[in-house]
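Participant: Below is one structure. I have some questions about it.
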Amino acid sequence: MPKTKIVINEHYHIYNRGNNKQDIFFEERDYIRFLFLALYFQGGDSVYNIGRYVTNYVRHRMFNIDFGEISKNKKIELLAFVLMPNHFHFILKEKEQGGISKYLQRIQNSYTKYINTKNKKIGHLFQGPYQSVHIASNEQLLHLSAYIHRNPREIKKWKNQEADFPWSSFTDYVGKNRWEKLLSTELLLSQFKKQKEYKSFVDESGTKLCLEEKEMIDYV
């Protein structure tokens, strides 16, 4: 797949999977850590002792961070996400030149180092660099969000309960936004009168992806 040119103020579908289709998440704390990185690294600041934030989430189901402070210096904008056992999907907006590239590099490098240290391994965790597809229209954006939010139905336990899957932004679109300014739901939700209408759209949506993304289906 040719490399997508990333332009400021445009939206992109960003995704990657585990090397050789292997899992990248092995227990709850792994999902929590990756989610923390996805939220925190939007601001571009360094972070230390990530484990304490993960522990706080395990105990209280929340991160002890200032969402507003991080959002003041966002390099990218996160619109939607899902973390699956062996892959992830994001919808991102480029706010600063090179923002998405730096954001994904920081997430993948930090998370790979964590997993390799924990499991006493070396080498690549992900199947090469992340993949990106430019979202060229509002219709594509809407249906991509539905595709991402329907992803957990691949897991038997979560089929028809995708809105309750904790490692997806779907639950934030149909209920309270857990991440406040660090998850930008307005663009999508503004096109529906109520949150339950967006949920119905996702539940009833067929998979409508561009050619590049159709090639991606087998990829993940």
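Participant: Taking R0 as 25 Å, what's the FRET efficiency between Ile155 and Asn73 from their Cβ-Cβ distance, rounded to 0.05?
Facilitator: 0.10
Participant: Also, I was wondering about something else. Note down the Stokes-Einstein diffusion coefficient of the chain in µm²/s, whole number, using a Kirkwood radius over alpha carbon pairs, 25 °C, and 0.890 mPa s.
Facilitator: Value of D from the Cα-based Kirkwood radius: 139 µm²/s.
Participant: Right, here's the next one. Once the Cβ-Cβ distance between Val7 and Glu27 is put in as r, and R0 is 35 Å, what FRET efficiency do you end up with, to the nearest 0.05?
Facilitator: 0.40
Participant: Return the single residue from Lys113, Lys75, Lys176 with maximal mean-square fluctuation; model: Gaussian network over the chain, springs between Cα atoms under 10 Å.
Facilitator: Sorting by GNM fluctuation, first place goes to Lys176.
Participant: Sort 140-146, 197-203, 159-165, 103-109 by the packing proxy (mean of other Cβ within 10 Å over each peptide's residues), most packed first.
Facilitator: 140-146, 103-109, 197-203, 159-165
Participant: Give me the one-decimal nm value for the distance between modelled label points at Lys181 and Lys193, 7 Å along each residue's Cα-to-Cβ direction.
Facilitator: It works out to 3.2 nm between the two label points.
Participant: When the chain is fully extended, how far beyond the present Cα-Cα distance does Met62 get from Asp203, taking 0.36 nm per residue of separation?
Facilitator: Gain on extension, Met62 to Asp203, equals 48.0 nm.
Participant: Given axes a ≥ b ≥ c from the Cα gyration tensor, I'd like to know whether the stretch 83-184 is rounded (a/c under 1.5), prolate (a/b larger than b/c) or oblate.
Facilitator: In terms of gyration-tensor shape, oblate.
Participant: Just report the Cα centroid separation between the stretch 1-43 and the stretch 147-186, whole Å.
Facilitator: Cα centroid of the stretch 1-43 versus Cα centroid of the stretch 147-186: 16 Å apart.
Each value in this text was obtained by applying a stated rule to the coordinates, not by laboratory testing. This structure is a prediction, so every number in the text was calculated from the model and none was measured. Positions of Cβ are backbone-derived with ideal geometry, glycine not excepted, and every protein chain shown enters the neighbour counts.
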